[in-house]
Amino acid sequence: MGNEMRTTTPLLELREVTKQFVRSGLPVRALEGVSFSIYPGETLGLVGESGSGKTTIARTILRLTEPSTGHIFFAGRDITHLSQRALRPLRREMQLIFQDPYASLNPRMTVEAILAEPLIVHGIASRSARRERIAELLDLVGLAPEHARRYPHEFSGGQRQRIGIARALSVHPRLLIADEPVSALDVSIQAQVLNLLRTLQEKLGLTLLFIAHDLAVVRHISTRVAVMYLGALCEVAARDTLYGRPLHPYTQALLSAIPYPDPVRERGRRRIILSGDIPSRVAPPSGCRFHTRCPLAFARCASEEPALRSYADHQVACHWVQEHDGQPAPLLPG
């Protein structure tokens, strides 16, 4: 999927969204001027190390966490300051798939009750129609009708995540936000769940925001990829473009950590090892937030924060790339 899917109106758009928390009396800058769009039918993969702000973005989009500044648009409508009452019908349009399939399902409820709950909350369908919808949902995610009478502890992790996906689909959403949906699953089960999400997207016309720290997983499912570091975007590009020609040194470092299944190629490849630790969000670095770990950093990086600028099919926030006319940072071979 590429530009052919794009319409004049993104389904979801963030404009300069910031979020600041207070922890132990100190301000924590979780998001800094985040802007991106997701167009109908595509999947945006959002990647970055733990603590980069990915889950905060998910919660902010859903207004489970209120943005400090900036604007959130859904289907062309500014939803940033809508009241909870006005947001209620929009909750059906945007649904969340949780990371932990063990903790996200009520152990005291049957699968039938779990899937019926959103329908009841939103006043969708009669009791008999709900039973039909539950049977349809179980079939969509590859579970049998008799599974409706069982409890979460009777299922494997992959099956529980299928139940979580079915619950998210129950109210016919347009946008699914998948927050690390396969990170708690075995590798073989991860592939099954990813393939299920792709099939459902094509069948139901869904739009996905897929959050992960594993770039190999993101490559399998995403149309475009956005890379985050310490609360800000540092690179956005189409999937094949970003994996084939990453510009930002942080993106290159992340990609160099992906293992290859070929042992000969794995032994001969070059890894980029970043020095130092991720800075504190209580006291983030001045200038470019990555400069304390970047092997290409120079004086300007410590004093001036780079803007996210467009270079052909890339957006990147890096002074080195900008001063070299959109050339990739020379950290990876080739």
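No value in this document is a laboratory result; all are computed from the given coordinates. Please read these numbers as outputs of a predicted model, since none were measured by experiment. A quick note on method: Cβ atoms are made from the backbone with ideal geometry, for glycine too, and the neighbour counts reach across all protein chains shown.
Can you pull a Stokes-Einstein diffusion coefficient for the range 94-216 at 4 °C (1.567 mPa s), Rh from Kirkwood over Cα pairs, as a whole number of µm²/s? Don't skip to the answer; put the middle values down first.
Numbers: Rh = 14.5 Å.
Estimated via Stokes-Einstein, D reaches 89 µm²/s.
At 1.306 mPa s and 10 °C, plugging the Kirkwood radius over alpha-carbon pairs of the range 195-301 into Stokes-Einstein gives what diffusion coefficient in µm²/s? Write down the numbers at each step before the final one.
Values: Rh = 15.9 Å.
The Stokes-Einstein estimate is 100 µm²/s.
What ranking do 110-118, 8-16, 245-253 get when scored by the average of other Cβ atoms within 10 Å per residue, highest first?
Working: 110-118: 19.3, 8-16: 17.0, 245-253: 24.0.
Per-residue mean Cβ counts within 10 Å order the peptides as 245-253, 110-118, 8-16.
When the gyration tensor of the range 185-254 is built from Cα positions, what are the square roots of 5 times its three eigenvalues, in whole Å, from largest to smallest? Walk me through the intermediate numbers first.
Details: eigenvalues 108, 39, 24 Å².
The three semi-axes for the range 185-254 are 23, 14, 11 Å.
Using 0.36 nm per residue of separation minus the Cα-Cα distance, give me the extension gain between residue 195 and residue 277 in nm, one decimal. Walk me through the numbers before you get to the answer.
Working: separation 82, 0.36 × 82 = 29.52 nm, distance 3.49 nm.
Extra length available between residue 195 and residue 277 comes to 26.0 nm.
Can you give the extra length, in nm with one decimal, that the chain gains between residue 20 and residue 117 once fully stretched, where that is 0.36 nm per residue apart less the Cα-Cα distance? Intermediate values should be presented prior to the final figure.
Values: separation 97, 0.36 × 97 = 34.92 nm, distance 3.30 nm.
Gain on stretching residue 20 to residue 117: 31.6 nm.
What fraction, in whole percent, of alpha-carbon pairs in the range 16-112 exceed 23 Å separation? If you can, show how the numbers build up before the last one.
On the way: 1680 of 4656 pairs.
Tail fraction, whole percent: 36.
Among all helices in the chain defined by DSSP H, which have a length of 15 Å or more along the axis from Cα atoms plus a Kyte-Doolittle mean of at least 0.0? Let's see the in-between values first.
Working: long enough: 111-121 (16 Å, 1.82); 127-140 (20 Å, -0.70); 157-169 (18 Å, -0.41); 187-204 (25 Å, 0.35).
Qualifying helices, which must be both long enough and hydrophobic enough, are 111-121, 187-204.
PRE reach from residue 204 (point 7 Å along Cα→Cβ): which of the range 116-136 fall under 15 Å by backbone N?
Flagged as within label range: 116-119, 133-136.
By what distance, in whole Å, do the Cα atoms of the range 248-334 stretch along each of the three principal axes, largest value first?
43, 33, 18 Å, listed from the longest principal axis down.
Computed on alpha carbon atoms, what radius of gyration and Dmax characterise the chain, expressed in Å?
For the chain, the Cα-based Rg and Dmax read 20.9, 68 Å.
Fewest Cβ neighbours within 10 Å first, please rank 310, 256, 52, 83 accordingly. If you can, show how the numbers build up before the last one.
Numbers: 310 10, 256 18, 52 24, 83 7.
In increasing order of surrounding Cβ atoms, one gets 83, 310, 256, 52.
Where does the range 121-192 land on Rg/Rh, using Cα atoms and the Kirkwood Rh? Working shown, then result.
Numbers: Rg = 13.1 Å, Rh = 13.4 Å.
So for the range 121-192, dividing Rg by the Kirkwood Rh gives 0.98.
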